[in-house]
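K.L.:
Structure provided below as structure tokens; questions to follow.
The values are calculated or read from the model by the stated rules, or taken from the named source; none is laboratory data. Keep in mind it's a predicted model, so treat the numbers as computed, not measured. Counting neighbours? That spans all protein chains shown, and the Cβs are built from the backbone with ideal geometry, glycine included.
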Amino acid sequence: MLKISNLTVGYSRSLRPALNGVSLEVGTGEVVCVVGESGSGKSTLALACLRLLGSDVEIGGTIELDGRNIFSLSAAELRNVRGREIGFVNQDALSSFSAYWTVGEQIAETIEAHTNLPRRIAWERTLDQLASVRIDNPERIARSYPHELSGGQRQRAALAMGLALRPRILIADEPTSALDVTTASHLLALLRQLQREYSIGVLLITHDLRVVEAVADRVAVMYAGILGEVGARDEVLRRPRFPYTRALIDSLDLERARGSLKGVPGVPPGLSETLPGCPFAPRCTRAEDICQRMSPAPVTIGETVVRCHFPDSVEGVEVHVHSVG
Amino acid sequence: MAERVMSLDQTASSATGQGPLPPRRRGALERWAAFLLRRLLWGVVVLLAIATVTFFLTHYVPSDPAVYLAGPSATTEVVNRIREQFGLDQPVYVQYFRYMASLARGDLGTSLFTKRPVFEDLARSLPVTLGLIVPAFVVYVVVAGCLGCVAAYSAGKARGVLVQVFTMIASAAPVYWVALVLQFLFFYSIPILPSGGQHSLTLPGPTTITHIDWLDSVLTGNVPALADALWHLVMPTTAIVLGLLAVGTRLMAGAVQDELGKIYVRTARGKGLPERTILLKHVLRASINPFVTVTGIQFGYLITYTILVEVVFTWPGMGYYLEQCIQINDYAPLIGVTMVAAAGFVLISVVSDIIYSLVDPRIELA
Amino acid sequence: MSAAAENSRPPRPWRMPALLDVFAVVAIVLLVLLAIVVIAPGIFSARNPLALEISARLHGLSDAHPLGTDELGRDLLARIAYGARNSVGVSLLIVVIAVVVGLVWGTIAGWFGGWLDAMMMRIVDMFLAFPAFVLAMALAAALGPSLTSVAIALAAVWWPGYARLVRGSVIALRSSGHVVAAQAQGLPTSRIIWRHVLRFIWRDVNVRATADVGYALMAVTALSFLGLGAQSPTPEWGLLIRSSAAYFYTAWWYMAFPGLAVTLTAVSLSILGDWIAARPGR
């Protein structure tokens, strides 16, 4: 189980930390979606879990994998965790692979790096993996270079690579953002299937609420480095407590109803602005004086954890939840 | 030039959202043949241009071409004889055709120095020059590659700065001077290396097949001669490599640094690959590209430096031959060497294009 | 960490000057010194570089001859000082000529385009298909070995590189916003080219030219070393090294100091070129 406790990450050249006191748990067998705008810090969260952030960061808090703190692992132990216990899938599969080696080669090298299997067996495993992500003709795909595959094939291959060693946790950073809607939904369905089959805990980063609707068990809403709301998917989507969540859902409904892209009015704060209070306050319709001054502490309402001085206690409009599998 | 062709995402997705299978690499042979043919044709055009230019060089210069060919120390008699011999009293276009015809026959004139046809002299000295250029190039690629990696990896640290400073100074010093300094240090001050030539005069040289002593030693299995030949190769090679180092190291360091910033490196770390594998297997492989593309420019320097180093170490190649001729104002061989060097240049650019397309799987020969 | 985030950050500490800046200062100082030597060599040496003093041939460093003497007793310091004008001055001249010719050629080709561009660039490609140094050797030999011949020969092989550089930039800038705007305003072509196009090309050309003076210096001295350039008794650094080769067992200073002069100059120019290139903005 992956347990992120009070994680704070600051880049040394910026004034505001990219992540501020983030706490989240991902158990095996559940899909936790972290949803937020670009710049909210969600990618930083994904990278932090594998200690893939650069050297110019300051880190506070802990990330524990089954009780062991990722930040206190030695280099060798860390290498063992990466790939083997925690798998990683990038947003852009084309740049995740090196252009100079075939896809199969790159999956096989992952297997070889962590086991002592000979090349032949590693290759067989690679083909199995590619088959398990429902790729037709895995042999041909394995011998292809990344630029020769379509976007969907590539992303599946990237997924196969992330799951090659049967990790118990998978971190997927916007796996569908570069895909068209049809391909994306197929990929998500596949992800769900595999997750159930192997009891993997998935931390899925996305900016799209539709992805949350499709696959999430629990959802965490991130804004400007803090988790505004964390709870069960149905609960959060039907009865959002954090004003930003509400705004997100509203804009999605608007898009569905009228077909127009509206988004949430305003712009999220950059990393060079310091915010003493709640970061969403400037854009919040319900903000009061205290919101600008004091950062809200986490409050538990039912099973949802919210960071707001005035969590939404009004019953929201009934939201239709579209799920896949 | 080889062109980049990236395959586009197919728009129609199948029911499983996969898309069509990637194309089989068919028809590669035909494309290669067409490419080679086109490049060689261009090479021939360039050679013709070179020949024409050198013709005009010798015939439309301020001085009398006969005097130029005869050398300033020749008597009027000799000059007149040469004028007649080369038909320099004929109209220009006649001269031009005679010139081209003789070139086609392989007649590059006669050297006053060796009293032999220039063509023969070149046939003998060109391999010797190659026998120095090739090892120098190989050593250069390896050393610049390693130093470039070090410089990129330790970019802000002492080690990286040291590498950059060292290579800059090594290459700023004129190569012929560096050669002299090396000779002074390792032949005169600390006598461990020979002062020049391909082999020691006391040792019987290997049987001559290619005129390249180290190669001949290998081909005839003559181990003592090989050791001797290699020993003689050390200083000239070092001088050339030092001269080229700055460019190559900087190139490699830039390429490696670019690669290290790319996302696939982060993914590779994320899947738990050891740092060494990432560097040696992925980053290096990707950095070779820019290295290869600039090879053409580097080759120009390579030729220049080799000529100069040959002179210092009396390495009996084209450069040394040239310099000896120049000393006695025998300029005819210069034309022949220019032709050969230019032809070699064209060949190298074709070869580097080919290598580049082999090395990057994203490129198709257009 | 969150406490620090609540408060505003302390002001940035003063950054250590980048290593390149330090080197650049040293380089500029050296180059200024060099400029003085080129303009007024008499400041560095009161002696006549051509004055023979057979009794003092191949003497080492001394008070009378701070850098020693050559095989004819001439003061080495004087020969190096007066030689700077020949070596560095000629290199500078070569680059200036190459830049001017290349600029004109490349601008015409790039601006007018079409068959003129194609033809002009074919000629440039022909030149670039030659190994430049070998061609320069042939040219210098054809013109009769002398420093002048070397200058002409090297200038002749150097300009195509600039032509190509300039042409590429001109083509890129020709369709840029402010050029089109200027044309729309009806400004005369020459003015547009001068103010809007060349201004921007200048920086790229400048970076390359600075480094090229160093490379030209290498080429000039190398041609003299081979005997195709400056002839005795002209003091020129490459020729000095050539002459010194026969005596270096006994007179190490003869070989060392001219070589050091070339090296220091080339290093300084290289650093200067890097520094100009690294400076932000246009």
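K.L.:
Note down all Cβ pairs under 9 Å where the first residue falls in region B:298-321 and is on the phi > 0 side of the Ramachandran plot, the second is not aromatic (Phe, Trp, Tyr) and not in a helix (DSSP H, G or I), and they're at least six residues apart or on different chains.
P.N.:
If the second residue must be not aromatic (Phe, Trp, Tyr) and not in a helix (DSSP H, G or I), the pairs left are B:Thr314/B:Ser195; B:Thr314/B:Gly196; B:Thr314/B:Gly197.
K.L.:
Right, next: What helices (runs of 4 or more DSSP H), lying completely within region B:201-286, carry at least 1 residues that are within 19 Å of B:Ser125 (Cα to Cα) and away from chain A (no Cβ under 14 Å)?
P.N.:
Once the helices (runs of 4 or more DSSP H) in region B:201-286 are filtered for at least 1 residues that are within 19 Å of B:Ser125 (Cα to Cα) and away from chain A (no Cβ under 14 Å), what remains is B:213-220, B:223-260.
K.L.:
Residues in region B:237-245: is at least one free of Cβ contacts under 8 Å to residues at least 40 places away in the same chain and among the β-branched types (Val, Ile, Thr)?
P.N.:
no
K.L.:
Then there's this: I need a count of the residues in region C:244-282 that are buried (at least 18 other Cβ atoms within 10 Å of the Cβ), over 20 Å from the mean Cα position of the chain (by Cα) and among the hydroxyl-bearing types (Ser, Thr, Tyr).
P.N.:
Total satisfying the criteria: 2.
K.L.:
Quick one: which residue in B:Tyr301, B:Tyr321, B:Tyr305 is more than 11 Å from chain C (Cβ to nearest Cβ), modelled with pLDDT of 80 or more, out of contact with any strand residue (DSSP E or B) (no Cβ under 8 Å at 6 or more places or on another chain) and assigned to a helix (DSSP H, G or I)?
P.N.:
B:Tyr321
K.L.:
Something else: Would you confirm whether or not region B:237-246 contains a residue that is at pLDDT 85 or above and over 23 Å from B:Thr304 (Cβ atoms)?
P.N.:
For region B:237-246, residues at pLDDT 85 or above and over 23 Å from B:Thr304 (Cβ atoms): absent.
K.L.:
Could you please give the count of residues in region C:105-148 that are more than 10 Å from chain B (Cβ to nearest Cβ) and within 19 Å of C:Leu217 (Cβ to Cβ)?
P.N.:
So the count comes out to 3.
K.L.:
Can you give me the number of residues within region B:327-338 that are surrounded by fewer than 20 Cβ atoms within 10 Å (Cβ to Cβ) and on the phi < 0 side of the Ramachandran plot?
P.N.:
2
K.L.:
Restricting to helices (runs of 4 or more DSSP H) lying wholly in region C:69-142: which have 1 or more residues that are within 28 Å of B:Ala341 (Cα to Cα)?
P.N.:
So the answer is C:90-112, C:114-128, C:132-142.
K.L.:
To continue, here is another question. Consider A:Ala113 carefully, then state whether it is at pLDDT 90 or above and under 16 Å from A:Arg166 (Cα atoms).
P.N.:
no
K.L.:
Still on this structure, please answer the following. Give me the pairs: first residue in region A:84-99 and within 7 Å of chain B (Cβ to nearest Cβ) and under 14 Å from B:Gly270 (Cα atoms), second residue assigned to a strand (DSSP E or B) and of a type in the set (A, V, I, L, M), beta-carbon distance under 6 Å, and six or more apart or on different chains, which are they?
P.N.:
Close Cβ pairs satisfying both conditions: A:Phe88/A:Ile171.
K.L.:
For region A:187-216, what are the residues that are farther than 21 Å from A:Ser40 by Cβ, not in a helix (DSSP H, G or I) and not hydrophobic (A, V, I, L, M, F, W, C)?
P.N.:
Within region A:187-216, A:Ser199, A:Gly201 qualify.
K.L.:
Can you list residue pairs whose Cβ atoms sit under 8 Å apart, with the first residue in region A:142-153 being free of Cβ contacts under 8 Å to residues at least 40 places away in the same chain and within 7 Å of chain B (Cβ to nearest Cβ) and the second being of a type in the set (Asp, Glu) and surrounded by fewer than 21 Cβ atoms within 10 Å (Cβ to Cβ)? Count only pairs 6 or more apart in sequence or on different chains.
P.N.:
Taking only residues 6 or more apart or on different chains, the pairs are A:Ser150/B:Asp9.
For every residue, the table says whether it meets (1) in contact with a Gly (Cβ under 7 Å, 6 or more places away or on another chain); (2) closer than 17 Å to A:Ser23 by Cα.
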| residue | (1), (2) |
| --- | --- |
| A:Arg241 | no, no |
| A:Tyr244 | yes, no |
| A:Ser251 | yes, no |
| A:Arg256 | no, no |
| A:Ala281 | no, no |
| A:Arg286 | no, no |
| A:Ile290 | no, no |
| A:Pro296 | no, yes |
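K.L.:
OK, next. For B:Arg250, all conditions in the list (1) touching a residue at least 60 places away in the same chain (Cβ under 8 Å); (2) touching a His at 6+ places or on another chain (Cβ under 9 Å); (3) among the basic types (Lys, Arg) hold save one; what is the number of the exception?
P.N.:
(2)
K.L.:
Being within 11 Å of another protein chain (Cβ to nearest Cβ) and among the small types (Gly, Ala, Ser), is that true of even one residue in region A:116-139?
P.N.:
No, because not a single residue in region A:116-139 is within 11 Å of another protein chain (Cβ to nearest Cβ) and among the small types (Gly, Ala, Ser).
K.L.:
Condition first: within 7 Å of chain B (Cβ to nearest Cβ), touching a residue at least 40 places away in the same chain (Cβ under 8 Å) and within 20 Å of the chain's Cα centre (by Cα). Now tell me which residues in region C:227-243 satisfy that.
P.N.:
Correct list: C:Leu228 only.
K.L.:
Among what's in region A:168-181 and is facing chain B (nearest Cβ under 10 Å) and assigned to a loop (DSSP other than H, G, I, E, B), pick the residue that is farthest from A:Thr44 (Cα to Cα).
P.N.:
A:Asp180
K.L.:
Okay, next question. For region C:196-211, does any single residue satisfy the condition of being at pLDDT below 85 and more than 25 Å from C:Ala278 (Cβ to Cβ)?
P.N.:
yes
K.L.:
Does B:Leu122 satisfy being out of contact with any strand residue (DSSP E or B) (no Cβ under 7 Å at 6 or more places or on another chain) and either among the β-branched types (Val, Ile, Thr) or closer than 23 Å to B:Phe299 by Cα (or both)?
P.N.:
yes
K.L.:
Let me ask you something else. Has region B:149-164 got at least one residue that is modelled with pLDDT of 90 or more, out of contact with any Ser or Thr (no Cβ under 7 Å at 6 or more places or on another chain) and either under 25 Å from C:Ile271 (Cα atoms) or not hydrophobic (A, V, I, L, M, F, W, C) (or both)?
P.N.:
Looking for residues that are modelled with pLDDT of 90 or more, out of contact with any Ser or Thr (no Cβ under 7 Å at 6 or more places or on another chain) and either under 25 Å from C:Ile271 (Cα atoms) or not hydrophobic (A, V, I, L, M, F, W, C) (or both), one finds none in region B:149-164, hence no.
K.L.:
Then there's this: Does region A:102-120 contain at least one residue that is crowded, with 21+ Cβ neighbours inside 10 Å, within 30 Å of A:Val299 (Cβ to Cβ) and not small (Gly, Ala, Ser)?
P.N.:
Taking every residue of region A:102-120 in turn, none turns out to be crowded, with 21+ Cβ neighbours inside 10 Å, within 30 Å of A:Val299 (Cβ to Cβ) and not small (Gly, Ala, Ser).
K.L.:
Okay, next question. Please pick out the residue among A:Leu179, A:Leu159, A:Leu204 that is farther than 23 Å from A:Leu127 by Cβ and touching a Pro at 6+ places or on another chain (Cβ under 8 Å).
P.N.:
None of the others qualify; the one that does is A:Leu204.
K.L.:
Same structure again: Please tell me if A:Leu65 is within 29 Å of A:Leu149 (Cβ to Cβ) and out of contact with any His (no Cβ under 7 Å at 6 or more places or on another chain).
P.N.:
When the stated conditions are applied, A:Leu65 does not pass them.
K.L.:
Could you tell me which numbered condition A:Ala108 fails, if it satisfies all but one of (1) modelled with pLDDT of 90 or more; (2) assigned to a loop (DSSP other than H, G, I, E, B)?
P.N.:
In the conditions (1) modelled with pLDDT of 90 or more; (2) assigned to a loop (DSSP other than H, G, I, E, B), A:Ala108 misses (2) alone.
K.L.:
Okay, moving on. Does region C:200-220 contain any residue that is of a type in the set (Lys, Arg) and within 14 Å of chain B (Cβ to nearest Cβ)?
P.N.:
Taking every residue of region C:200-220 in turn, at least one turns out to be of a type in the set (Lys, Arg) and within 14 Å of chain B (Cβ to nearest Cβ).
K.L.:
Suppose we keep only residues that are of a type in the set (Val, Ile, Thr) and more than 12 Å from the chain's Cα centre (by Cα) within region A:1-53. Which one would you say is surrounded by the most Cβ atoms within 10 Å (Cβ to Cβ)?
P.N.:
Checking each candidate, the answer is A:Val22.
K.L.:
Additional query: Considering A:Ala158, A:Ala184, which residue is within 17 Å of the chain's Cα centre (by Cα), facing chain B (nearest Cβ under 9 Å), under 16 Å from A:Glu105 (Cβ atoms) and assigned to a helix (DSSP H, G or I)?
P.N.:
A:Ala158
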